[in-house]
1. Roughly how far apart, in whole Å, are the Cα centres of the stretch 36-69 and the stretch 230-261?
2. Give the shape of the stretch 19-135 as rounded, prolate or oblate, defined through the alpha-carbon gyration tensor: a ≥ b ≥ c are the square roots of its eigenvalues, a/c under 1.5 means rounded, and otherwise the shape is prolate if a/b is larger than b/c and oblate if not.
3. Just need the relative contact order of the chain here, percent rounded to a whole number, with Cα pairs under 8 Å and 6+ apart.
4. If packing is taken as the average number of other Cβ atoms within 10 Å across a peptide's residues, how do 185-197, 47-59 rank, most packed first?
5. Give the relative contact order (percent, whole number) for the stretch 152-298; include only Cα pairs under 8 Å separated by 6+ residues.
6. Let me have the 222 nm mean residue ellipticity of the chain computed from DSSP H runs of 4+ only, each contributing -39500 (n - 2.57), with the sum over all residues rounded to the nearest 500.
7. Using only Cα atoms, tell me the angle between helix 220-234 and the longest principal axis of the chain; keep it within 0 to 90° and round to the nearest 10.
8. Over the stretch 32-203, what is the relative contact order in percent, taking alpha-carbon pairs closer than 8 angstrom and at least six residues apart?
Ligand SMILES: [Ca+2]
Ligand SMILES: [Ca+2]
């Protein structure tokens, strides 16, 4: 997030009475691996009729060189990683006729293993740079291409929740007492510790009108959350901007930010406005004094 956006955001949140610190953007200049999915939020109701399939990719940011890499993708059991492969360019061919790997100009031995001999998902990638005797560092052909691609399957019926996938950094001791690293990267003989950013897929519950934070109760706090959304909108922020995710989680009091915004739109006009907050306050107050209010009659 850029600094201008951060300072504007800090001012708006402070004015809205939300004094949580806005994190400064980390000035990451080093090489990093980053997993992405074509969508981060899906709804529980989308999963009622079938599995949801997302396109995934592993990117290398700020590549500074490695000559070999071994990695292992892992996920919570609710997410299934399938079809692991190198990102490929169908317009160019390897010497064996396969579509060419698109990130590096060339390479030595490479292999991806999606399933093991028993048909279990392992999702391991081995990559060696070019060279006859010692692998040399890979040279980038297409910096905009991911390094690996995969598909993420979210099975039908998966409950609301936050599910993660990541590059494993596990270390195990094998039967002869040696350490085995899930992640290994080298530049020549130098061992590299490359940071890896996993991904999260959020399965959101269906919204309940007026219950913005999804705690099962309609309370004045839910109206406050609506007013905070309004403050951001009035200041010119686009609530669908993924850069605002953390702030929207704080504003709404839930990681299910799209559910929160739908629950806060009381008159169902597609907008979150102060009148929606007023309706929630009236509803909460009527409930408090023993009435059973009806949203459509407020
Ligand atoms: Ca609530
Ligand atoms: Ca509305």
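All of the numbers you see were taken from the coordinates with simple rules; none came from a lab. Every value quoted in this text rests on a predicted model; they were computed, and no experiment measured them. FYI the Cβ positions are ideal-geometry reconstructions off the backbone, even for glycines, and counts take in every protein chain you see.
1. Taking the Cα centre of the stretch 230-261 as reference, the centre of the stretch 36-69 is 22 Å away.
2. oblate
3. Relative contact order for the chain comes out at 20 percent.
4. Descending mean neighbour count gives 47-59, 185-197.
5. 21 percent
6. -6000 deg cm²/dmol
7. Relative to the chain, helix 220-234 is tipped by roughly 70 degrees.
8. 36 percent
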